[in-house]
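For reference, the structure is listed below as structure tokens.
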Amino acid sequence: MPAAELIFQRTIDLPPVIVWDALVDPDLLAGWLGEVRMLPAAHADETDTEVLAFELRWPGSGAGQSTTATVSEIEAPRRLRVDTDNRGRIEFILGSIPGGFRGSSTELELRVDSGIEPAFATAVRGEWQTSLDRLERLLHGHPVDWAKVASHSDGTTGVGGTTARSVNSPG
């Protein structure tokens, strides 16, 4: 059976440069995605290009369970592709559209090529929907309190002024 690719689209009522910062700044990533630790820079084979990598501990992960992620493509503030050792390829594409609080909003597309079997796609889709809800809350000044999440629900409803849909799933 072929692996599932998940595609999500959101309109966020802030300009792409603000959304971009939440995708690339380790402190901001920790406010919506999970615990982040930057890894020492490596150099790509036969080039002097620095390879950016980080370790991410997802919510609910046990001790020693983390994901190593390497930035494989970056085009600020429009495109970020990250390859992981256990969660597949994650790609964020940002576009600017009129509107929003500052005259510009962001059309965000997230593509997750996780290599999972379609039977598990619903659970992974739900995890990413929750993460995108958390991203929106962070962008509106409400980072995740991970200690609170560990003890009970953090209320993962969306933030006013935003719309969301998963392109390849109902709802």
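The values are calculated or read from the model by the stated rules, or taken from the named source; none is laboratory data. What you are looking at is a predicted structure, and each value in this text was computed from that prediction instead of being measured.
Within region 80-100, how many residues are within 16 Å of Trp20 (Cα to Cα), assigned to a strand (DSSP E or B) and either of a type outside the set (Lys, Arg) or more than 13 Å from the chain's Cα centre (by Cα) (or both)?
10
Conditions tested, residue by residue: (1) within 15 Å of the chain's Cα centre (by Cα); (2) at pLDDT 90 or above.
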position	(1), (2)
His43	no, no
Asp48	no, no
Val51	no, no
Thr67	yes, no
Arg78	yes, yes
Arg102	no, no
